[in-house]
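Notes follow the structure.
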């Protein structure tokens with residue numbers, strides 16, 4: 001990794017500070033007051049009019065979900081799913097999972113990464129469901145993130161809904177996901193009511209052998225508890241806690257249907273983060289995170305669950321939905337702590353040693369006094385502009401909302417392929433020209 005200097009404004013209790021960040025080997029090496037060009041007269045990034053912030057983390061995303069944007073274009077239009085998790089899964093998500101190809105997954109990941117960077121996200125926790133994509137599926141998604149320079153974790157969803165043999169194959173796919181400075185595998189599990197004891201045990205052995213945590217849907221709705229009890233005789237949290245999968249930093253997505261006792265047990269696990277996804281929970285009509293049950297010690301962050309709104313907006317929505325929700329800054333800090341645990345380096349700060357994942361934005365008025373205030377006002381700002389510059393591990397990866405390494409023609413090709421996936425999943429013909437960009 002190269003070294004560079006970036007000069008810009010940072011939040012301060014007494015107003016804006018002009019600093020020069022010295023970036024080296026993917027981290028902030030030093031912070032100099034004022035503008036400090038390199039001593040050898042090398043070029044440097046002079047962003048003195050802009051506010052420098054640590055990049056955001058989306059702690060639960062579904063890049064594979066992009067074909068859903070074409071569902072409304074189908075004719076005859078598919079009926080909307082009934083309320084609840086089971087209807088959303090059986091009528092929308094599982095039909096899509098079964099038809100996805102490696103080509104479609106790579107294009108969807110490229111578009112997801114592009115939108116993430118435009119929203120100030122530099123790290124994405126991706127959870128992909130594609131049981132028939134084979135080994136090329138994870139390789140294609142990893143290649144997309146590598147091409148655009150986004151930092152990511154990749155979990156490949158494991159489920160027995162296509163049979164135990166398929167579940168075992170999906171577990172084994174994780175051994176082929178590379179571990180690099182910008183990519184980490186996580187053991188992906190669907191909800192407990194679709195994962196049997198043998199598959200859960202195989203997943204735990206694989207995660208332990210690879211030294212990785214789990215990224216799982218837990219308690220997204222009451223169906224998870226009912227199905228797990230009916231099929232396997234135990235509640236989802238009890239099965240997960242007994243599996244040995246929580247020995248490494250892990251993501252529990254949703255947690256809408258956890259009891260007070262289960263929340264206390266979750267809070268006692270030092271390597272577990274619960275990730276709330278308010279946009280998704282509202283859309284699927286499964287309820288929202290029960291903040292009145294959440295202990296102060298529980299680590300709670302925020303994700304998007306594949307929705308276009310980013311983690312900045314999701315944190316604001318969580319507060320609007322529940323008066324007891326934690327402030328946005330606390331949710332973003334939890335996301336940064338999760339990323340730090342997974343990537344083994346500090347995230348979310350502008351001090352020496354922190355990951356050099358940076359975003360430069362136009363400063364709001366009046367100038368924010370903290371990082372949390374800056375992101376809160378950026379997320380809520382009307383007519384805001386995308387970041388003028390985004391860095392991941394010290395390398396520039398986007399400017400003015402556009403990736404620097406965007407493959408020409410990708411949007412048009414993605415529109416064609418993802419529209420075909422929508423047609424295959426939900427059984428109708430497109431109403432509009434599938435060559436049109438989404």
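Structure data summary
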item	result
Pairwise FRET efficiency - residue 25 versus residue 268, Cβ, R0 = 45 Å, nearest 0.05	0.80
Point-to-point label distance, residue 162-residue 297, nm (Cα→Cβ direction, 7 Å offset)	4.1 nm
Intensity falloff of region 57-343 expressed as log10 I(q)/I(0), Debye formula with alpha-carbon point scatterers, at q = 0.11, 0.13, 0.14, 0.16 Å⁻¹	-0.56, -0.82, -0.97, -1.34
Listed residues 214, 388, 251, most fluctuating in the chain (Gaussian network, C-alpha, under 10 Å)	388
Helix-derived mean residue ellipticity, 222 nm - over the chain, DSSP H n ≥ 4, -39500 (n - 2.57), to 500	-10500 deg cm²/dmol
Pairwise centroid distance, computed over Cα atoms, of region 1-80 with region 306-322, Å	20 Å
Taking region 148-206 and dividing mean pair separation by its residue count, relative contact order in percent (alpha carbons under 8 Å, at least six apart)	43 percent
Stretch gain in nm, segment residue 175-residue 98, where the contour uses 0.36 nm per residue and the Cα spacing is subtracted	25.6 nm
Of 82, 140, 298, the one that fluctuates the most in a GNM where the chain has Cα springs shorter than 10 Å	82
For the chain, built as a Gaussian network whose Cα springs stay under 10 Å, the top-fluctuating residue of 418, 189, 230	230
Protection-proxy order for peptides 55-64, 176-185, each taking the mean of Cβ atoms within 10 Å per residue, highest first	55-64, 176-185
Ranked packing of 126-133, 152-159, most packed first, by mean Cβ within 10 Å	152-159, 126-133
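Computed from the coordinates by the stated procedures, all read-outs in this text should not be read as laboratory data. Because the structure is a prediction, the values reported are computed rather than measured. Backbone-built Cβ (ideal geometry, glycine too); neighbour counts: all protein chains shown.
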